[in-house]
Amino acid sequence: MCDLQTLKKYLTRPSPPRAANDPNCRGKIFSGNDGELWESKPTATGVYRWIKVAPSAKPKSPKSSSKSSSKSSSKSSGFEQHTVVELKEMAQVRGLKGYSKLRKAELIELLTMH
């Protein structure tokens, strides 16, 4: 499994807190510390690095019309596209407590407050 890293260098960078060169991470897409999606891609020499996924390639949430824009702030709309698992990983990386039993909307609220 592509494990979360806890060293400071992994937690302070914008890319995911995982080793891109880990065999289980190669070619996979994960949420970064900045809330964006990143993909582990090989360089010309075969070393894997995190490359930010283009905004047009991100999955779009279904019908995010005026209903979601009036309910949530612009910062929280970035979290809407992430899965509950990804949101929980973000909460863990940020050192938050009490997130394991929260639902998606509650996780988004927690992450926007911290």
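Structure notes:
- With 24 Å as the limit, the listed pairs 28/88; 52/101; 52/97; 28/101; 41/97; 9/41 have 52/101; 52/97; 28/101; 41/97 beyond it between alpha carbons.
- Whichever aspartates and glutamates have a C-alpha closer than 14 Å to that of residue 104, once near sequence neighbours (fewer than 8 apart) are set aside: 80, 86, 89
- Extension reserve of the residue 103-residue 12 stretch, reckoned as 0.36 nm per residue once the Cα distance is removed: 30.1 nm
- Local electrostatic count at residue 6 - Lys and Arg +1, Asp and Glu -1, tallied over other residues with Cβ under 14 Å: +3
- Legend: calculated FRET efficiency, residue 1 to residue 54, from the Cβ-Cβ distance at R0 = 35 Å, rounded to 0.05, equals 0.85.
- What the phi angles of segment 27-42 give under the Karplus curve with 6.51, -1.76 and 1.60, with θ = phi - 60°, is a coupling list of x, 9, 10, 9, 7, x, 5, 8, x, 8, 8, 10, 10, 7, 10, x Hz, glycine and proline written as x.
- As computed over segment 1-58, the Cα convex hull volume per residue (Å³): 78
- Here the residues 113, 1, 90, ranked from fewest to most Cβ neighbours within 10 Å of their Cβ, fall in the order 1, 113, 90.
- Electrostatic bookkeeping for residue 40 treats Lys and Arg as +1 and Asp and Glu as -1; over the other residues with beta carbon under 10 Å from its beta carbon, the sum is +3.
Values quoted throughout were computed directly from the atomic coordinates according to the rules given, and no laboratory measurement underlies them. Since the structure is predicted, the reported quantities are computational estimates derived from the model, not experimental observations. Glycine also receives a Cβ, built like all others from the backbone with ideal geometry; neighbour counts cover every protein chain displayed.
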